[in-house]
Every structure is written in C-alpha cells, then in structure tokens.
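Student: My structure is below; once you've seen it, I'll send some questions.
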Amino acid sequence: MSNYNNATKKITDEITASLTNIKSDDVDQLINEINKAEKVFFVGVGRVLLSLKAIAKRLAHIGINTYVVGQITEPAITDKDLLIVGSGSGETQFPLIIANKAKQFNARVAHIGANPNSSMSQYSDLFIRIPISSNADTPEEVQSEQPMKSLFEQSLLLLGDTIALMMVNEKNIELQSLWEYHANLE
C-alpha cells in the first residue's frame with residue numbers, strides 16, 4: 001500500500017470510529033435545540049472555528065438563522081437563541097467567556113467537545129461528545145495518529161454535515177430548492 005493510501009486509510013478509519021461513537025440521542029437533542037432557536041450562534045477558535053463556520057453556512061442553506069460570534073453583522077443574543085460552542089478541551093478561554101456571557105442573557109448553550117468534565121460544563125445545557133483522545137480516557141475514545149487535534153476538527157465538520165442532512169430529511173426539503181439560499185454574488 002502506498003504512503004498516500006496508508007495515510008488516507010488511517011484518517012478515514014479514525015473519522016469513522018469517531019463519528020460512530022457520538023451518541024445519537026445527543027445529536028437529536030442538538031437538532032431539537034437548533035429547531036427551537038430563533039438564532040443560532042457559533043463560537044470557537046482556530047481550525048475549530050473554520051469547521052464551525054462551515055456548519056453555520058450549511059445550516060443557513062437550510063433556512064436556519066446562523067451567526068458566527070464576532071462577525072460584523074452579529075445581532076444581540078437573547079433567551080430565544082442557541083450558542084453552539086466548539087472546543088475539544090472545553091478549556092479555551094475565548095469560548096468560555098462567550099458561553100458565560102450567553103448564559104447572562106439566558107441563551108441556551110450547546111458544547112461540542114471531547115472532554116465532558118471541562119470548565120465549559122458549567123455553562124452548557126447540552127454536551128455532544130466527539131470521543132477523541134482526551135483526559136477522560138474512556139473505552140470509546142479514538143486514538144489518533146494525526147497531528148495536533150485534526151481528528152476533532154474533521155469530525156466536527158462532518159458532524160455538522162450529518163446534522164444538516166438529518167434536518168433536510170426530517171423537513172422533507174427538496175435538495176434542489178436549497179440553491180435559493182446559496183450565495184449568488186460569487
């Protein structure tokens with residue numbers, strides 16, 4: 001097997017193991033929270049933020065009002081809204097500060113992360129665990145050979161696409177109709 005084929009097999013095997021060990025009930029709860037919210041906000045940093053931006057865009061394509069914290073057109077968060085925090089460790093300072101602030105406005109907070117016992121748990125109404133290697137060291141944790149936390153970011157992105165597909169199916173949305181929400185100034 002070539003080096004390329006070996007690397008892609010390792011990556012796809014890790015992603016499959018990660019995604020199949022996410023609790024489906026937690027994902028169903030997150031979808032319920034998204035459907036109830038007037039607006040859905042996203043916060044994260046680094047490559048996690050890039051994955052979250054892609055999720056926000058995909059959910060916007062299916063008619064959800066999404067905003068990334070810090071974007072220039074970000075409206076006020078209220079008690080009718082949801083903040084989705086992406087943080088593998090649940091210890092990154094900026095998302096912790098934003099989650100705390102969201103709770104001050106009685107918004108719901110969903111944390112997608114790897115560590116169920118993190119500082120973020122004090123602000124989260126819902127926790128969706130991507131079971132990659134963390135300090136929790138539980139049997140379902142996926143050990144990764146990839147650099148840094150690539151597996152978390154990849155799994156987060158694909159979890160977002162999975163959620164979008166589930167919502168499309170639940171709402172019986174015709175895929176062709178989604179193009180009306182796609183950017184047209186390109």
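Student: (1) touching a Phe, Trp or Tyr at 6+ places or on another chain (Cβ under 8 Å); (2) modelled with pLDDT of 95 or more: which one isn't true of HIS61, the others all being true?
Tutor: Going through (1) touching a Phe, Trp or Tyr at 6+ places or on another chain (Cβ under 8 Å); (2) modelled with pLDDT of 95 or more one by one, HIS61 breaks only (2).
Student: Further, regarding this structure: Taking the options THR8, THR20, name whichever one is without any contact (Cβ under 8 Å) to a residue 24 or more places away in the chain, open to solvent by 70 Å² or more (accessible area, probe 1.4 Å) and either under 30 Å from GLU141 (Cα atoms) or hydroxyl-bearing (Ser, Thr, Tyr) (or both).
Tutor: THR20
Student: If we keep just the residues of region 97-118 that are open to solvent by less than 40 Å² (accessible area, probe 1.4 Å) and either outside any loop (DSSP other than H, G, I, E, B) or among the acidic types (Asp, Glu) (or both), which is farthest from ILE132 (Cα to Cα)?
Tutor: Going through the qualifying residues, I end up with ALA102.
Student: Does PRO147 count as open to solvent by 30 Å² or more (accessible area, probe 1.4 Å), modelled with pLDDT under 90 and not polar (S, T, N, Q)?
Tutor: Here the answer is yes, as PRO147 does meet what is asked.
Student: Mind checking which pairs have a first residue in region 98-121 that is under 21 Å from SER51 (Cα atoms) and in contact (Cβ under 8 Å) with a residue 40 or more places away in the chain and a second that is among the charged types (D, E, K, R) and open to solvent by less than 40 Å² (accessible area, probe 1.4 Å), Cβ under 7 Å, 6 or more apart or different chains?
Tutor: Hits for this filter: ARG108/GLU33; ALA110/GLU33.
The values are calculated or read from the model by the stated rules, or taken from the named source; none is laboratory data. All values reported here derive from a predicted model rather than from experimental measurement. Note that we place each Cβ from the backbone using ideal geometry, even for glycine, and neighbour counts take in every protein chain shown. Please note that ligands, DNA and RNA were not included when accessible areas were found on the heavy atoms of the full protein model with its side chains. Shrake-Rupley method; radii C 1.70, N 1.55, O 1.52, S 1.80 Å.
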